[in-house]
Amino acid sequence: MIRRHILKFALAAAMLGGLAAPAVAEYPEKPVTLVIPLGAGGSHDLNARVISSIIPAYLNQAMIVRLTPGAGGQKGTQEAATAPADGYTLLFSHNYIDMLQQHVENLPYDPNKDFVPVARVNYAPIGIVVRGDSPFKTFEDVVRHAEENPGALKMAHSGNWGALFVPAAQIMKARGITFNMIPYKGGGPAMQALLKGEADITMGFPATLSSLLDSGEVRLLATAGNETMVEGVPTFPEIGVDGDVGFMHRVVLAPADTPPEVLETLRTAFKALQEDKTYTRLMGRLGENRDFLDGPDYQKMREAQALEYKALVDQITSN
């Protein structure tokens, strides 16, 4: 009898203990949403489609891509900034939205306090393009037209102080010319504006340019960096635009209070992508590199960017 009571007591205690300390589910137990603060068809959208198709094998959950364009990237960024810091909402952004806009806008969030990097996926050099049937055969043709017709040349870009706007501003300053800067909700819509004849010139990254160049729909006039990317196409220094101009870093960010163990799971999954053969092949088709940086390493670069972009804004806006 006594033994029976002891067993009943032990069983009750075990049940109560189980109720008091339920098992904690291991992250992630549901799909992860990747917010892109830009429009459809741009290089972020195309890169994200590749990422989201492969990373479930390493994250053990689906990744859902959500496009939230608006306000030069601020709408989607604020959505991610105010999301629960549980690892289920991430931001797929770039260096200009992330670290430059704070110097020119009163943002509804603080990028330094509200986000932590998961990883830099890659970086991309920008190219200047016109339609394939454009009368502008070289960038010097563009410069001559802009000099003779100040402000008449329509330049489609992805939003003020974004990845297309900033290099365009640097180019205008370096060459002493003026474009009519027309904003769109991302690089994809800006490229469509060029193709539809709404703009005379725009810029793009390898993912958005590759097929258009192959089909002859656009003509490449110059590319960022010191190394020739396409035979016969000059680099920015060769058209009189020196310095760090036209490089975009694609970065995945999480809300700042995301638990360390969740960040580690995410970083491990993104790092594993780099060795995946299918991922490598698909990124190659886009013409994109796989120059990966883990979150803590990119954070060091990010902090340096904040200082560099303050000086850049001062330079561009000075008379």
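The values are calculated or read from the model by the stated rules, or taken from the named source; none is laboratory data. Just so it is clear, the structure is predicted and the values come from calculations on it, not from any experiment. Ideal geometry is used to build each Cβ from the backbone, glycine not excepted, and the neighbour counts take in all protein chains shown. Heads up: the accessible areas ignore ligands, DNA and RNA and are worked out on the full protein's heavy atoms, side chains in. Shrake-Rupley method; radii C 1.70, N 1.55, O 1.52, S 1.80 Å.
For each pair in LYS196/LYS277; LYS277/LYS310; LYS75/LYS154; LYS137/LYS300; LYS75/LYS137; LYS113/LYS154, compute the distance between the two Cα atoms and list the pairs where it is over 31 Å. Beyond 31 Å: LYS196/LYS277; LYS277/LYS310; LYS137/LYS300; LYS75/LYS137; LYS113/LYS154.
Compare the Cα positions of VAL104, VAL251, VAL50 along the charge dipole of the chain (+1 at Cβ of Lys, Arg; -1 at Cβ of Asp, Glu; about the Cα centre) and return the one farthest towards the positive end. Looking along the dipole axis, the top candidate is VAL50.
Helical content alone sets the calculated 222 nm signal of the chain at -13000 deg cm²/dmol, taking -39,500 (n - 2.57) per DSSP H segment of four or more residues and averaging over every residue. Sorting PHE115, PHE247 by solvent-accessible area of protein heavy atoms yields PHE247, PHE115, largest first, with a 1.4 Å probe. Look at where the Cα atoms of region 265-285 and of region 23-42 average out, and the two centres are 17 Å apart. Global size of region 127-239: 12.7, 33 Å for Rg and Dmax (C-alpha atoms, Rg to one decimal, Dmax whole). In this structure the amide hydrogen of ARG66, modeled in the peptide plane, comes within under 5 Å of the amide hydrogens of LEU34, VAL35, ILE36, none closer than 5 places in sequence on its chain. The alpha carbons of the chain stretch over 105, 41, 31 Å along the principal axes, in descending order. Exactly which trypsin sites (Lys or Arg not before Pro) in region 139-231 are in a DSSP loop and have at most 15 other Cβ atoms within 10 Å? Qualifying residues, ordered by number: LYS196. By Kyte-Doolittle mean hydropathy of at least 1.0 and Cα axial length of at least 18 Å, which whole DSSP H helices of the chain are selected? Helix filter hits for the chain: 2-20.
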